[in-house]
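Bear in mind these aren't lab numbers, they're just calculated from the coordinates by the rules spelled out. Since this is a predicted model, take the numbers as computed values, not measurements. Every residue, glycine as well, gets a Cβ built from its backbone with ideal geometry; the counts of neighbours run over all protein chains shown.
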Amino acid sequence: MTVYLAGPIEGISLKEATEWRETATSFFHGHQIHTLDPTRRKKFHDQPYTVNLARKIVQLDLQDIRNSNVVLLNLRARGKGKAWGSICELALASQQGKTVITVLEPGLVHPFVEVFSTEIHSTLEDALEATLAYYR
């Protein structure tokens with residue numbers, strides 16, 4: 001099984017973007033589950049904006065989603081960062097029939113997040129455990 005680690009990257013520090021993903025990767029690797037971490041391309045987000053760069057970032061992330069079985073979307077890691085791309089990934093993954101496990105602060109609800117998420121959990125730990133149920 002392969003899990004794509006979706007969540008904000010833009011507008012937050014590399015540490016904020018990678019810390020939870022490193023925790024998830026370590027957890028999943030302990031269960032012989034592969035992860036796709038878009039922060040391996042963080043350098044693209046730090047370059048001056050161009051249309052071609054934007055297209056590259058989106059296409060590479062979409063390729064990762066296509067190559068995954070489950071999308072783990074951490075919206076709690078947002079901080080002051082933007083989550084626009086993450087919400088797009090949520091919708092696209094759902095439309096592709098992917099299982100989407102979302103981490104969201106309690107009380108923060110939105111119809112699109114609720115409908116497009118397979119499951120919603122308030123902690124990363126609960127979401128990691130829930131993801132194991134989809135291991136094939």
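Note on S122 and T2: with the Förster distance fixed at 30 Å, the Cβ-Cβ geometry gives a FRET efficiency of about 0.75. For K15, list the lysines whose Cα falls under 16 Å from its own Cα; do not include residues on the same chain fewer than 8 positions away. Correct list for K15: K42, K43, K80, K82.
In the chain, the DSSP beta bridges split such that about 0 percent are antiparallel, to the nearest 5. Measuring how big the chain is from its alpha-carbon positions, Rg and Dmax come out at 13.9, 41 Å. For the chain, the mean residue ellipticity at 222 nm estimated from helices alone is -14000 deg cm²/dmol, where every DSSP H run of n ≥ 4 contributes -39500 (n - 2.57) and the total is divided by all residues, rounded to the nearest 500. Taking max minus min of the alpha-carbon positions on each principal axis, region 4-48 gives extents of 38, 15, 12 Å, largest first.
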